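Have a look at the structure below before the remarks.
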Amino acid sequence: MAELNLRSGRNAPLTGVSISVILPGIFAMLVSLWLTGFGGMAAKLVLIGFWGVWIFPLVFRARLTGDGLVACLLLCGLIAIVGAGDGDSDEKLRLIGNLLILPLGLVCGICLGRGCLRVMAPALAVYLPVASVFQATHEGWRLNHPFLFLGLFLLACVMARPARGVIGAIGGIAVLLSQTRIAVLALVIVLLGRVRFSHAMTWLLGIPVLLGAIVMAAIWLPRLLMTHGSGRLAFWQMFWDDWLQADTVQQWLGFGAGSVEAVLQRLPSAAAFGALHNDHFRILFETGLIGIILWVMGWGMLIWLARGSRVAVCILASVAVTMVTDNTLSYGHYLICCGMAAGIAMREAVDENR
């Protein structure tokens, strides 16, 4: 990989890592998962602090050139727009922290390889059975934490067999039971990266299995086939009108970090809605045209960097898709799992081509 000078074999940086390093890491991840119930910012500080300190020596020694340097400059430019824009300092730090999670996970996956899994996967495996419950809604029973289960599924996609099949099946079934449509769509996109379309058995078995899954979903998971927008379209239209009516400076530089939540909090009808549920639109509204241009270019660069691995491309594409109808940018643990899984897939694709 030209962008990062990986100095050794597949998982060399963590091949001999001691249990004294793994256990504190698992504990730190469990603490961060527990802290999500208190607002999320503290949880992200633990994520960024732990993984940042761990990989900083490796990144410091790495040679960042070419496309990797361009990607870094795009991220720095977007962070600069957030910092220079309107909004409270706390909201700016919150948005910047959210922007750093996915790239941090990607670098961890590239630099540390499957060693990341020894910390992140056990933490999720301990936390999810304890914290997961079925919740009664007007649309039926749903399993909570769909994006944490989706993150576990993504990590399983880059594990060695047989853990890949067992943990992947558990995570995938849990995502289905959550009946969260966008999470299920993301799962399907990632599965496309694992399927070998050149094999005859893929078509002979895949089509009947797919048809059977659709029938079973229609019977037992009816919410997956519903097409309502849960009120999102009305709020998107409102924010779009506000952006169109803004002055030129606000259109180019945005309304500032935290402005979306500030507007929603003033609307009694938005109390249950909570957030915009569209991260791409949020970036446009809060950072303006300059910010959204850097955002789109950054996503394009990520896909370009991952082009050597179909799995990595599908993982990153699935994240971008979830951001169309959800607040994915605030899901720190999910994003870092996505980054790690994509980074590991990229690393292994490079090793296989050597």
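Find out how many positive minus negative residues lie around residue 176, taking Lys and Arg as positive, Asp and Glu as negative, among other residues whose Cβ is under 14 Å from that of residue 176.
Details: positive: 142, 181, 223; negative: none.
After counting each charged neighbour, the total is +3.
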**Study point:** Sulfur and carbon atoms: percent of accessible area, the chain [1.4 Å]
**Key:** 70 percent
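Dividing the Cα radius of gyration by the Kirkwood radius, what Rg/Rh value follows for the range 313-354? Working shown, then result.
Details: Rg = 12.1 Å, Rh = 11.1 Å.
Result: Rg/Rh = 1.09.
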Practice item. Would you please classify the overall shape of the range 21-115 from the alpha carbon gyration tensor, given that a ≥ b ≥ c denote the square roots of the eigenvalues, rounded means a/c under 1.5, and beyond that prolate means a/b larger than b/c while oblate covers the rest? Key: oblate
Practice item. Please sort 328-338, 307-317 by packing, taking for each peptide the average over its residues of neighbouring beta carbons within 10 angstrom, highest first. Key: 328-338, 307-317
Exercise for review: Please list 66-76, 339-349 highest first by mean number of surrounding beta-carbon atoms within 10 Å per residue.
Suggested key: 339-349, 66-76
Check your understanding: With a ≥ b ≥ c the root eigenvalues of the C-alpha gyration tensor of the range 64-152, is it rounded (a/c under 1.5), prolate (a/b larger than b/c) or oblate?
Key -> oblate
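Arranged from highest to lowest average of other beta-carbon atoms within 10 Å per residue, in what order do the peptides 180-189, 291-300 appear? Provide the component values of the computation, followed by the final result.
Details: 180-189: 20.6, 291-300: 18.6.
Top to bottom by mean Cβ count within 10 Å: 180-189, 291-300.
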Practice item. Enumerate the calculated ³J(HN,Hα) couplings along the range 307-313 in order (Karplus 6.51 cos²θ - 1.76 cosθ + 1.60, θ = phi - 60°), each rounded to whole Hz, writing x wherever the residue is Gly or Pro. Key: 4, x, 10, 4, 4, 5, 4
Check your understanding: In whole Hz, what ³J(HN,Hα) sequence does the range 57-68 give by Karplus (6.51, -1.76, 1.60; θ = phi - 60°), x for Gly and Pro?
Key -> x, 5, 5, 4, 8, 6, 9, 9, 9, x, 4, x
Review point. Amide H to amide H, which residues 5 or more places from residue 257 or on other chains are under 5 Å from it, using H placed in the peptide plane?
Key: 86
Practice item. Would you tally the net charge around residue 156, using a Cβ to Cβ cut-off of less than 11 Å, leaving residue 156 out, and scoring K and R as +1, D and E as -1? Key: +3
Review point. Distance from the Cα centre of the range 101-132 to that of the range 176-195, in angstrom?
Key: 19 Å
Check your understanding: Per residue, how much accessible area does the range 106-199 show when a 1.4 Å probe rolls over the protein heavy atoms, in square angstrom?
Key -> 41 Å²
Exercise for review: Count the net charge of all other residues whose Cβ sits under 11 Å from the Cβ of residue 87, scoring Lys and Arg as +1 and Asp and Glu as -1.
Suggested key: -4
Point to revise | Vicinal HN-Hα couplings computed from phi for the range 236-253 (Karplus, 6.51 cos²θ - 1.76 cosθ + 1.60; Hz; Gly/Pro x) | key: 4, 5, 5, 5, 5, 5, 4, 5, 5, 8, 6, 6, 4, 4, 5, 5, 8, 10
Study note, to complete from the structure: By the Cα gyration tensor axes a ≥ b ≥ c (a/c under 1.5 gives rounded; else a/b larger than b/c gives prolate, otherwise oblate), the shape of the range 237-323 is oblate
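The values are calculated or read from the model by the stated rules, or taken from the named source; none is laboratory data. Small disclaimer: the values here were computed from a predicted structure and weren't measured. Note that we place each Cβ from the backbone using ideal geometry, even for glycine, and neighbour counts take in every protein chain shown. Areas reflect the complete protein model, heavy atoms only, side chains present, ligands, DNA and RNA absent. Shrake-Rupley method; radii C 1.70, N 1.55, O 1.52, S 1.80 Å.
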